[in-house]
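Nothing in this text is a laboratory measurement; each read-out follows from the coordinates by a stated rule. In this text the structure is predicted, and so the values were computed from the model without any measurement. With ideal geometry, Cβ positions are generated from the backbone for all residues, glycine too; neighbour counts draw on all protein chains shown.
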Amino acid sequence: MKRLVREGNFPKPRQLSGRRVVWLVREIQDWAEARPISDLSPPANTNRRI
């Protein structure tokens, strides 16, 4: 995740205290919604049906 943040491909964390960082839920949700939808089927070992 550090690489994604550093490259600008993931929301930046917020400094909460000296050693704690947090992300805003809405920023993560917006990031996830903007990701492309895959056309790939789930792997066979997931027992998921399409």
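With a cap of 14 neighbouring Cβ atoms within 10 Å, and only residues DSSP puts in a loop, list the trypsin sites (Lys or Arg not before Pro) found in the range 1-48.
19, 48
Would you work out the relative contact order for the chain, in percent, from Cα pairs under 8 angstrom that are 6 or more residues apart?
Contact order relative to length: 21 percent.
Collect residues whose amide H, placed 1.01 Å from N in the peptide plane, falls under 5 Å from the amide H of residue 23; neighbours closer than 5 in sequence don't count.
Sorted by chain and number, the residues that satisfy this are 14.
Looking at the chain, which GluC sites (Glu not before Pro) are DSSP coil and have at most 13 other C-beta atoms within 10 Å of their C-beta?
7
Per DSSP helix of 4 or more residues, -39500 (n - 2.57); summed, then divided by the residues of the chain. What does that give at 222 nm, rounded to the nearest 500?
The helix contribution divided over the chain gives -8000 deg cm²/dmol.
In the chain, if the dipole is taken from +1 on Lys/Arg beta carbons and -1 on Asp/Glu beta carbons about the Cα centre, which of 13, 42, 32 is farthest to the positive end?
The one lying farthest along the dipole's positive direction is 13.
Could you tell me how many degrees, from 0 to 90 and to the nearest 10, lie between the Cα long axis of helix 25-34 and the main elongation axis, the longest principal axis, of the Cα atoms of the chain?
With both axes taken from Cα atoms, the answer is about 40 degrees.
Tell me the Rg and the Dmax, in Å, that the Cα atoms of the chain produce.
That works out to 15.5, 46 Å for Rg and Dmax.
Any idea what the dipole of the chain comes to, in debye rounded to 20, about its Cα centre with Lys/Arg Cβ at +1 and Asp/Glu Cβ at -1?
Computed charge dipole of the chain: roughly 340 debye.
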